[in-house]
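Everything on this sheet refers to the single structure shown next.
The values are calculated or read from the model by the stated rules, or taken from the named source; none is laboratory data. Source: prediction; values computed, not measured. Note that we place each Cβ from the backbone using ideal geometry, even for glycine, and neighbour counts take in every protein chain shown.
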Amino acid sequence: MQNVFIRAVLLYIFCLIVMRIMGKRQLGELQPFELVITILVAQLAAAPMGDSGLPLIYGIVPLFAILVIHQLISFFMQRSSRIRAFVCGKPSTLIEKGKVQEDEMHNQMLNMEDLLSQLRSQGFVRLQDIETAVLEPNGQLSVLATAENQPVRPLDLNIQVSPACMPVALVIDGRVYSDNLRGVGRDEQWLQKQLSSQKTRAENVLLALFYPATNELNIQQKERKKAAL
């Protein structure tokens, strides 16, 4: 039993390393060749993990080979658009100026029910409102609305707005992130002063977000406080 546990832990760590080296896209939107590799990784890891009589190296060596293959394919795809098109495929236009492209739908083996379902999920119920709909190589549908149906931007109305910025987490679940504080030019003394003005402490804060563009600090306190030990 202990041997099985150790083998499972080692294979898990090795698989995690392999997936991290392959890149973040393995965790989200997969290209066809990446989906195949992900399935192979799962199968190759499962065999030695479930069979204690199978040497562990029989799982690690194939996983390493898959990693090498993935890196080689990625290397050549970055340097050749033809190889990338062959491995991943090309985008396909399914709707052009509100008209469904029947030939392309047939080539992609898609039916109208699937297309309409994806359009509804993106908020489109009328084909007339769509300028272009493109099926990406990873299977996602990108939809561009016609000019009159696109949302109005502040630029279109000549309205001046504050610059967009990502909030910085200074406190998460009672833990102060000192690196983030220094990154926005603040220190813990400043943070404590801000928390005191809200009559709270860091350990009672669920989330504190700082917005650099407006110098605004948004604090949400915990509703459940930990019981004293």
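A few remarks follow.
- Selected residue (criterion: modelled with the lowest pLDDT) from residues of segment 111-151 that are more than 27 Å from F86 (Cβ to Cβ) and of a type in the set (V, I, T): V125
- Among the criteria (1) part of a helix (DSSP H, G or I); (2) aliphatic (A, V, I, L, M); (3) touching a Pro at 6+ places or on another chain (Cβ under 9 Å), the one L116 does not fulfil is (3).
- Strands (runs of 3 or more DSSP E) contained entirely in segment 124-212, each with at least 1 residues that are under 30 Å from E104 (Cβ atoms) and in contact with a strand residue (DSSP E or B) (Cβ under 6 Å, 6 or more places away or on another chain): 130-135, 141-145
- Among the residues listed as Q160, Q150, the single one being within 30 Å of A208 (Cα to Cα) and over 24 Å from the mean Cα position of the chain (by Cα): Q160
- Within segment 12-67, the set of residues being at pLDDT below 70, farther than 24 Å from A85 by Cα and among the charged types (D, E, K, R) comprises just one member, R20.
- Top-ranked residue in segment 92-110 [being modelled with pLDDT under 90 and in a loop (DSSP other than H, G, I, E, B); ranked as surrounded by the most Cβ atoms within 10 Å (Cβ to Cβ)]: L110
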